[in-house]
Amino acid sequence: MKGHSALSALCSVAILRASAASSVANADEYPSRYVSIITQVAAGSGPDVIARIVAERLTQSWGQQVTIVNRQGAAGLIAAQAAVSAQPDGYTLYMPTSTALVILPETQPKFPVNFERDFVPIGLVGESPMVIAVSPALGVNTLEEFIALAKKRPGEILYAANNRGSFPHLTAEWFRSRAGIELTFVPYPGAAAGLNDIMGGRISMIVEGRSALTGALQAGSIKALAVTSATRLPNFPDLATVAETIPGFAVVAWYALLAPAGTPDPIVRKVSQDLHIVLKQPTVDQKFETLGVYARPMSPGETAEFIGSEQRLWKPVIKEAGLASQ
């Protein structure tokens, strides 16, 4: 029996070593065929364009086609389930938005996907700060003036943001809470509808990503008061940050690249390194900026820490907004 146990142990070690050697060999050859990246968004949307920019540059780097698979629906759950059920061989990757990683798990009852358990981070792709903008008719020019006005008119100022539980909505709610003001939320299915009501005088404020507001800002239909990034944007240095008025306030939507749990570490490291190179290309940076996104490459470990910190940040905000699942 002892000899049999020893033989079994030696066989187990041999299998593990062979598996590790095979993983390294696969990483050296990777990718040897096309790679798919699953997203939760519709084709043609801003996040889809970001994913396609990355896919195009990885295709050029690897000499293998990288394709985008759009699995929209159920606020991102369909894409997450498709990604978690994929073979962990590096040929199916997953690029969720921050909504899928920080909002869905807190708002969906019995959410079936555990991102820490079911995925391994590859890297952060980019971040997209929100902009707080108002109607010129409101008569304020700075965030300080807006907060002062809101305190004089509690609950009277209506603000537009995407549907309840969206990233813009939660950003606005956290701003309202930190500023100590009362605002009334009016949900819209998209930025265009909210902008129409601002220009029509029915809404006074909007919180949205910068790219969605560019046309209205340039036309003077709305006035940007502040951006939610930790520092001022390099291409909009005159736009103040919320943190200059409310210290410590920093909020960005973001995009990450993940792989199904069990994907060999050498492949994860290779994809992460190649993604880092792609995101450092000046032309990629320029294309991102036109979409209101700023490249922010991170290692797998840094990405895991970042996602964890974001989940801790948003959990109490979601609870205070009355959106946490029971």
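Listing for the model above:
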| item | result |
| --- | --- |
| For the chain, share of DSSP beta bridges that run antiparallel, in % to the nearest 5 | 60 percent |
| Stretch gain in nm, segment ALA219-GLN273, where the contour uses 0.36 nm per residue and the Cα spacing is subtracted | 15.3 nm |
| Computed magnitude of the charge dipole of region 129-244 (debye, nearest 20; Cβ of K, R +1, Cβ of D, E -1) | 100 debye |
| Rg/Rh ratio calculated on Cα atoms of region 76-234 (Kirkwood radius) | 1.05 |
| Region 45-140, relative contact order in percent, only Cα pairs under 8 angstrom and at least six apart counted | 18 percent |
| Fewest-first sequence of HIS169, HIS276 by Cβ atoms within 10 Å of each Cβ | HIS276, HIS169 |
| In nm, spacing of pseudo-spin labels at ARG117 and LYS152 (7 Å Cα→C-beta vector) | 5.4 nm |
| Length-normalised contact order for the chain - Cα pairs under 8 Å, 6+ apart - percent | 26 percent |
| Folded to 0 to 90 degrees: helix 46-62 orientation relative to the chain principal axis, Cα | 30 degrees |
| Neighbour-count order for MET199, MET95, fewest beta carbons within 10 angstrom listed first | MET199, MET95 |
| Least to most buried among PHE249, PHE146 (fewest other Cβ within 10 Å first) | PHE249, PHE146 |
| Mean separation of Cα contacts under 8 Å, 6 or more apart, over the residue count of region 103-194: relative contact order % | 26 percent |
| Over 26 Å (Cα to Cα) - which of LYS223/LYS287; LYS223/LYS319; LYS287/LYS319 fall in this group | LYS223/LYS319; LYS287/LYS319 |
| Convex hull volume per residue for region 259-316, taking Cα atoms only, in Å³ | 101 Å³ |
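Computed from the coordinates by the stated procedures, all read-outs in this text should not be read as laboratory data. The model shown is predicted, which means the values in this text are computed figures rather than measured ones. Cβ atoms come from the backbone with ideal geometry, glycine included; neighbour counts cover every protein chain shown.
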